[in-house]
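The values are calculated or read from the model by the stated rules, or taken from the named source; none is laboratory data. Because the structure is a prediction, the values reported are computed rather than measured. Backbone-built Cβ (ideal geometry, glycine too); neighbour counts: all protein chains shown. Ligands, DNA and RNA are stripped out before the accessible areas are found, and what is left, the full protein with its side chains, is counted by its heavy atoms. Shrake-Rupley method; radii C 1.70, N 1.55, O 1.52, S 1.80 Å.
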Amino acid sequence: MYSFRPSVVAKPESEEELAEVLRKHGRNARIVAGGTGIYELSRRGLLSDVDVLVDISKLQLSYIKEEGGKIIIGAATSLETIQRSSIFSRPYLSALRDACLSIQPLQVKNVATLGGALCTALPFLDMPVALFSLEAIVTIGPDMREMKAYEFVKGFFDVDLKDGEYLREVSISMKEKSGSSFMKFSLTSDDWAIANCSVSVVVDEGLISSASIFVGGAFGEKPVRAVRTEERLRGILPSDTDALKNAIDSTLHLDAKPETDVKASSEYRMDVAKVLCRRAVFQAYRRVMT
Amino acid sequence: MGIKIILNINSKRYSVDIEPWETLNHVIREKIGLTGTKKGCETGGCGSCTVVVDGKAVYSCMMLAFQASGKDILTVEGRDNDVLLAAIRKGFMEMGGLQCGYCTPGFIMSAYALLSMNPKPSREEIKEAFVGNLCRCTGYVKIFESVERASQIISGDKRE
């Protein structure tokens with residue numbers, strides 16, 4: 001059953017060495033960040049081509065910095081560190097903290113990393129959805145190439161990394177009059193999401209002036225941007241619950257097409273996503289207003 | 001094939017030959033022979049494999065052994081003269097915080113990580129620390145009481 005049989009562990013001392021190892025071994029090398037996803041991936045045969053495991057613990061990629069109007073998070077920063085950092089209680093960043101809090105076992109959060117969650121690129125993970133809605137930018141080493149986190153994740157288990165490249169850090173620009181919120185629904189405390197939704201809104205004179213909305217769970221190969229819902233929400237007063245409900249109920253299904261699987265039917269997932277979206281928009285709005 | 005690593009477990013150094021894919025749980029149990037740490041779901045949900053690495057509770061089934069190389073690992077067997085671990089064991093015994101006992105090593109290690117950071121946790125804080133540990137026998141109340149008892153024992157020790 002196991003096809004995960006790497007023969008070597010490389011422990012680069014510098015980012016140059018890391019890039020060298022990744023260039024030399026290409027697809028056969030894989031970075032181990034927290035390592036919490038390895039079992040789930042390997043038993044599905046997704047790591048059968050891996051021969052070299054790359055231990056990045058010596059590279060000091062765990063940090064949270066505030067610089068030039070941006071919050072910068074090292075790729076190897078643990079979810080527990082993010083959750084504990086007071087920076088993420090700011091309204092515009094709260095979705096990331098919500099996403100960390102929504103993952104329950106401390107034993108996972110103590111080791112699982114933000115970069116690992118992005119690079120694993122499974123459509124039902126929580127951190128990517130939150131990062132997408134916050135319009136996070138990823139920096140890719142060694143050439144410090146930058147791109148939107150949403151574009152970095154290409155599809156199921158697929159990210160935009162060429163041989164020799166690695167995810168170095170994630171940055172989020174500070175935003176005025178903005179609040180965000182992440183919500184998820186899962187069957188048990190340690191299960192992946194049936195549906196999750198992350199929302200970031202900008203508020204002007206009490207009304208939503210723009211919104212960024214992403215839905216994950218099983219809505220295709222990667223979380224989906226609800227563009228038409230974003231457009232419909234412009235100018236809405238979220239405390240008008242009927243208007244909010246109508247805006248979301250009439251648009252979310254136009255962009256988000258859920259799958260049916262053993263856990264939930266497509267219809268059920270869609271219903272859950274609409275409820276989560278409504279609550280997340282309202283909470284994001286309330287966070288700016290209070 | 002295989003690599004040699006040093007694992008510091010319960011303040012003892014173990015030099016072990018491992019394969020890169022072997023989990024910390026496998027190496028602790030099968031290669032070092034410390035079978036107090038259990039193997040349960042292997043997918044990060046049950047918590048019976050919990051050990052403390054550098055002061056934090058982790059699932060030993062979800063960590064590869066080489067990742068723990070050079071780190072300070074604590075298992076339920078414990079180190080000699082560990083006052084906190086002794087207090088937790090006593091708390092579990094006095095309050096009856098176990099029935100079949102399979103989950104207990106994991107609960108004890110999660111409690112260890114909690115109490116070493118927060119010696120007087122509230123009931124809510126105890127519940128949060130145990131979200132990643134399942135017990136199918138006790139209904140949890142006696143486990144919470146055991147940790148509260150351990151907390152009393154250590155604060156009593158400090159007064160003396």
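Restricting to the stretch A:236-290, name every residue that is more than 19 Å from A:Val202 (Cα to Cα) and in a loop (DSSP other than H, G, I, E, B).
A:Ser250, A:Thr251, A:Ala256, A:Lys257, A:Pro258, A:Glu259, A:Thr260, A:Asp261, A:Val262, A:Lys263, A:Ala264, A:Ser265
In the set B:Ala65, B:Ala113, which member is closer than 17 Å to A:Val108 by Cβ, surrounded by 22 or more Cβ atoms within 10 Å (Cβ to Cβ) and within 14 Å of chain A (Cβ to nearest Cβ)?
So the residue among B:Ala65, B:Ala113 that is closer than 17 Å to A:Val108 by Cβ, surrounded by 22 or more Cβ atoms within 10 Å (Cβ to Cβ) and within 14 Å of chain A (Cβ to nearest Cβ) is B:Ala113.
Which condition number in (1) open to solvent by 10 Å² or more (accessible area, probe 1.4 Å); (2) closer than 24 Å to B:Leu114 by Cβ; (3) more than 12 Å from every other protein chain (Cβ to nearest Cβ) is the one that B:Asp54 fails?
It is condition (3) that B:Asp54 fails.
If you go through the stretch A:158-181 one residue at a time, how many are out of contact with any Lys or Arg (no Cβ under 8 Å at 6 or more places or on another chain), at pLDDT 95 or above, open to solvent by 10 Å² or more (accessible area, probe 1.4 Å) and part of a strand (DSSP E or B)?
Of the residues in the stretch A:158-181, 4 are out of contact with any Lys or Arg (no Cβ under 8 Å at 6 or more places or on another chain), at pLDDT 95 or above, open to solvent by 10 Å² or more (accessible area, probe 1.4 Å) and part of a strand (DSSP E or B).
Within the stretch B:10-63, count every residue that is small (Gly, Ala, Ser), closer than 24 Å to B:Val83 by Cβ and more than 11 Å from the chain's Cα centre (by Cα).
Residues that pass the stated criteria total 1.
Answer yes or no: is there a residue in the stretch B:130-150 that is in contact with a Pro (Cβ under 9 Å, 6 or more places away or on another chain), at pLDDT 95 or above, in a helix (DSSP H, G or I) and surrounded by 22 or more Cβ atoms within 10 Å (Cβ to Cβ).
yes
List the number of the failed condition for B:Lys39; all other conditions in (1) open to solvent by 50 Å² or more (accessible area, probe 1.4 Å); (2) assigned to a helix (DSSP H, G or I); (3) not aromatic (Phe, Trp, Tyr) hold.
The number of the failed condition is (2).
With the requirement that a residue be of a type outside the set (D, E, K, R) and open to solvent by 40 Å² or more (accessible area, probe 1.4 Å), what does the stretch B:119-129 give you?
B:Pro119, B:Ser122
Do we have any residue at all in the stretch A:32-55 that's open to solvent by 60 Å² or more (accessible area, probe 1.4 Å), closer than 19 Å to A:Ala121 by Cα and in contact with an Asp or Glu (Cβ under 7 Å, 6 or more places away or on another chain)?
No, the stretch A:32-55 contains no residue that is open to solvent by 60 Å² or more (accessible area, probe 1.4 Å), closer than 19 Å to A:Ala121 by Cα and in contact with an Asp or Glu (Cβ under 7 Å, 6 or more places away or on another chain).
I'd like the residue in the stretch A:248-279 that is in contact with a helix residue (DSSP H, G or I) (Cβ under 8 Å, 6 or more places away or on another chain) and small (Gly, Ala, Ser) and, out of all such residues, is nearest to A:Ala130 (Cα to Cα).
Ranking the qualifying residues of the stretch A:248-279, first place goes to A:Ala273.
For a quick check of your reading of the model, give me the residue pairs whose first member lies in the stretch A:123-151 and is at pLDDT below 95, whose second is part of a loop (DSSP other than H, G, I, E, B) and open to solvent by 50 Å² or more (accessible area, probe 1.4 Å), with beta-carbon atoms closer than 7 Å and at least 6 apart or on different chains.
A:Pro123/A:Phe156; A:Pro123/A:Glu221; A:Phe124/A:Trp192
If you take the residues of the stretch A:1-31 that are more than 8 Å from chain B (Cβ to nearest Cβ) and hydrophobic (A, V, I, L, M, F, W, C), which of them is surrounded by the fewest Cβ atoms within 10 Å (Cβ to Cβ)?
Among them, the one singled out is A:Met1.
Scan the stretch A:243-254 residue by residue and report those that are under 20 Å from A:Arg287 (Cα atoms) and open to solvent by 10 Å² or more (accessible area, probe 1.4 Å).
Residues satisfying the conditions are A:Ala243, A:Lys245.
Give A:Glu231, A:Glu267, A:Glu221 a once-over and let me know the one that is open to solvent by 40 Å² or more (accessible area, probe 1.4 Å) and within 14 Å of A:Pro123 (Cβ to Cβ).
A:Glu221
I need a count of the residues in the stretch B:8-40 that are closer than 19 Å to B:Gly106 by Cβ, more than 14 Å from chain A (Cβ to nearest Cβ) and in contact (Cβ under 8 Å) with a residue 60 or more places away in the chain.
Qualifying residue count for the region: 3.
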